[in-house]
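Trainee: Here it is, the structure in full.
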Amino acid sequence: MHMLYDSDSFVVVHMQPDADLSGTEKSAEVKKSTVPQLPRHGFEIVDKRSGKEVYLDGSWAEMFQLQILEWQRNTPTQEEVEDTLDGYVGLAQNPVLVH
């Protein structure tokens, strides 16, 4: 889990379920048995204003990853980032209970 963005309005976290396996000194058989068969990653976007979150995976995560790569190439202002994240607020249905 890597925090990518944190402001007064939003938090964005990149979830990588297999990230903890890299760099460990486990045997190849143990690694093979613990590596997820379908490794997936996703992004959690928390709207602090409403107290709701959305988890993006699959094609949504891929589209969001492209947005992040674009931000890395052309550094946006905080307002531009917040405007983009605000577009995902409509998908946020889950209340944040513990964070």
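The values are calculated or read from the model by the stated rules, or taken from the named source; none is laboratory data. What you see is a predicted model; the values in this text were computed from it and never measured. When we count neighbours, we look across all protein chains shown, and the Cβ atoms used for this are built from the backbone with ideal geometry, even at glycine. Ligands, DNA and RNA are stripped out before the accessible areas are found, and what is left, the full protein with its side chains, is counted by its heavy atoms. Shrake-Rupley method; radii C 1.70, N 1.55, O 1.52, S 1.80 Å.
Trainee: Pull up all non-local amide H partners of ASN94: gap of 5 or more, or a different chain, and H-to-H distance under 5 Å with H placed in the peptide plane.
Mentor: Here GLU53 satisfy the definition.
Trainee: Could you run the Karplus curve 6.51 cos²θ - 1.76 cosθ + 1.60 with θ = phi - 60° over the range 72-83 and give me ³J(HN,Hα) per residue in whole Hz, x for Gly and Pro?
Mentor: Residue by residue, the range 72-83 yields 5, 6, 10, 4, x, 7, 4, 4, 5, 5, 5, 5 Hz.
Trainee: Here's something else I'd like to know. Let me cross-check TRP60: its accessible surface, 1.4 Å probe, with only protein heavy atoms counted, in Å² to the nearest 10?
Mentor: 120
Trainee: Compute the distance in nm between two label points, each set 7 Å from the Cα along the Cα-to-Cβ direction, one at TYR55 and one at THR84.
Mentor: Distance between the two pseudo-spin positions: 2.3 nm.
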